[in-house]
Amino acid sequence: MGGGPQPGGGGGMSRQRVVVVGGGLAGIAAALDCADAGADVTLVEVRPQLGGAAYSFEREGLSVDNGQHIFLRCCTAYRRLLRRLGSEPATVLQPRLAIPVLAPAGRRGWLRRGALPAPAHLAPSLLRYPFLSPRERAGVVGAALALARLDPDDPALDARTFGSWLADHGQSPTAIEALWNLIALPTLNLPADEASLSLAAFVFQTGLLGARDAGDIGYSRVPLSAVHGEPAARALTGAGVDVRTRWRAERVAVAPGGLGVEGPDRRLDADAVVVAVPHDRAADLLPDGALPEPDALRRLGASPIVNLHVVYDRRVLDLDFAAAVRSPVQYVFDRTRAAGVEQGQYLAVSLSGAEREMAASPADLRRRYEPALAELLPAARAARVDRFFVTREHAATFRAAPGIRALRPGPRTAIQGLVLAGAFTATGWPATMEGAVRSGHAAASEALAARRAPDGTPVEVAA
């Protein structure tokens, strides 16, 4: 892997020194690319484990994921990274898109893809979707075809909300709640009424309206740390990367001979630095002059995600996951086996765009969501809830609202050798694992190019 010039490959050149700040998916991808190209790479991560926003931890005897992270078949960069880490067998990828949708009183519907070419592959399922009227179903098909014709790169699309566009195309509040938000909320971490039309158009075109199989859903069958953090540590070490966890980067410094990453008690000198941390943290690390608008990163804002963890004394859900409509529940996942639960069933409820839930106490959330789950799952009405706890990510993603496109920086900064990575950068993707991995690849290309002069010839840097 890793074609092109090899910095350590001869000619008297010293190996390029690259420091990657951040051990999430973006930093992992960047560090592997740089190491594959022959650079001398050090990766620092403030947490005790790698994985960034997609990690797991132990609580009350359970292996708990910090959030329910899914991917799609079209997430090609993320899936390649899984193969590189050797953890693809720890995931499940549907052979064909099938989303079970639950409603109160035990009603159930499905969103499936059929055998027709895209975008008609969804039409049979949409025309049978039980939570819309016949007129709303027909209107959804027309709106989907119109959405497929939009250009996500048109700046005008980023000036308005997805919800306003849907309303202009005849979509009722019921259709938006029962269908469009089933996709918009988990992918954009905002409801349609608040999300950028540009990003929404990209999501629906890339994941559902383009290739027929693009939207097939994948998810982990084991705790996330066993998919990302532990395999990444092995792969990075095997590639020669010096991995340092519990290492807090305090700032990136510019010196006459190159760059440096300053920590509490030492400095790591480098020819190139990849800053692969969340956007608010990156804003604190970058030196003056790195970005033309220093405040742009903070103006990206944040959207929260809240997860409810509910352990029943018996099985109450016969599916691996399900969406919900006409309910405060959005998505529910069966994490029983992954968490190591031997009796009963462990369900994780994922709530995106969860500003209201962020302000609620665990007791208030239990009073609201335990009955809501019982309305969706008839078997839960007779079951006992043995454990109920809450995890919160107050800044889970950047805020994918109108105007976001102009605020997302590319990998290159104004300082030679200093580059950015992270799902917040201008990959075109929303804040997803795929966007994070793609940003890592783009950042590595920029970091490796930093060793070359404008005419393409190698630049000698003292070891």
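The numbers here are math on the coordinates, done by the rules we state, and not lab data. In this text the structure is predicted, and so the values were computed from the model without any measurement. Backbone-built Cβ (ideal geometry, glycine too); neighbour counts: all protein chains shown.
Checked against (1) part of a helix (DSSP H, G or I); (2) of a type in the set (A, V, I, L, M, F, W, C); (3) without any contact (Cβ under 8 Å) to a residue 60 or more places away in the chain, ALA192 passes all but condition (1).
Is it the case that some residue within region 162-184 is crowded, with 23+ Cβ neighbours inside 10 Å, free of Cβ contacts under 8 Å to residues at least 40 places away in the same chain and among the small types (Gly, Ala, Ser)? Yes, region 162-184 contains at least one residue that is crowded, with 23+ Cβ neighbours inside 10 Å, free of Cβ contacts under 8 Å to residues at least 40 places away in the same chain and among the small types (Gly, Ala, Ser). State whether the residues of region 122-132 include one that is assigned to a helix (DSSP H, G or I), closer than 30 Å to GLY403 by Cα and not acidic (Asp, Glu). No - not one qualifying residue is present in region 122-132. Which of the residues belonging to region 76-106 are touching a Phe, Trp or Tyr at 6+ places or on another chain (Cβ under 8 Å) and not hydrophobic (A, V, I, L, M, F, W, C)? Answer for region 76-106, where residues must be touching a Phe, Trp or Tyr at 6+ places or on another chain (Cβ under 8 Å) and not hydrophobic (A, V, I, L, M, F, W, C): TYR78, ARG79, THR91, PRO100. Within region 256-308, the set of residues being of a type in the set (Val, Ile, Thr) and over 30 Å from VAL64 (Cα atoms) comprises VAL261, VAL273. Which ones in region 284-326 are of a type in the set (Gly, Ala, Ser) and either part of a loop (DSSP other than H, G, I, E, B) or crowded, with 19+ Cβ neighbours inside 10 Å (or both)? GLY289, ALA290, GLY301, ALA302, SER303, ALA322, ALA323, ALA324, listed by residue number. Strands (runs of 3 or more DSSP E) fully within region 17-82 that include at least 3 residues being of a type outside the set (Asp, Glu) and closer than 23 Å to GLY410 by Cα: 17-21, 40-45. All conditions in (1) surrounded by 15 or more Cβ atoms within 10 Å (Cβ to Cβ); (2) small (Gly, Ala, Ser); (3) more than 20 Å from the chain's Cα centre (by Cα) hold for GLY238, with the sole exception of (1). Looking across region 85-119, just one residue is in a helix (DSSP H, G or I) and buried (at least 20 other Cβ atoms within 10 Å of the Cβ), and that is LEU85.
Answer yes or no: is there a residue in region 210-217 that is closer than 30 Å to ARG128 by Cβ, touching a residue at least 60 places away in the same chain (Cβ under 8 Å), touching a strand residue (DSSP E or B) at 6+ places or on another chain (Cβ under 9 Å) and crowded, with 23+ Cβ neighbours inside 10 Å. Yes, because at least one residue in region 210-217 is closer than 30 Å to ARG128 by Cβ, touching a residue at least 60 places away in the same chain (Cβ under 8 Å), touching a strand residue (DSSP E or B) at 6+ places or on another chain (Cβ under 9 Å) and crowded, with 23+ Cβ neighbours inside 10 Å. Only a single item in (1) more than 30 Å from VAL92 (Cβ to Cβ); (2) among the charged types (D, E, K, R); (3) in contact with a Phe, Trp or Tyr (Cβ under 6 Å, 6 or more places away or on another chain) is not met by ASP265, and it is number (3).
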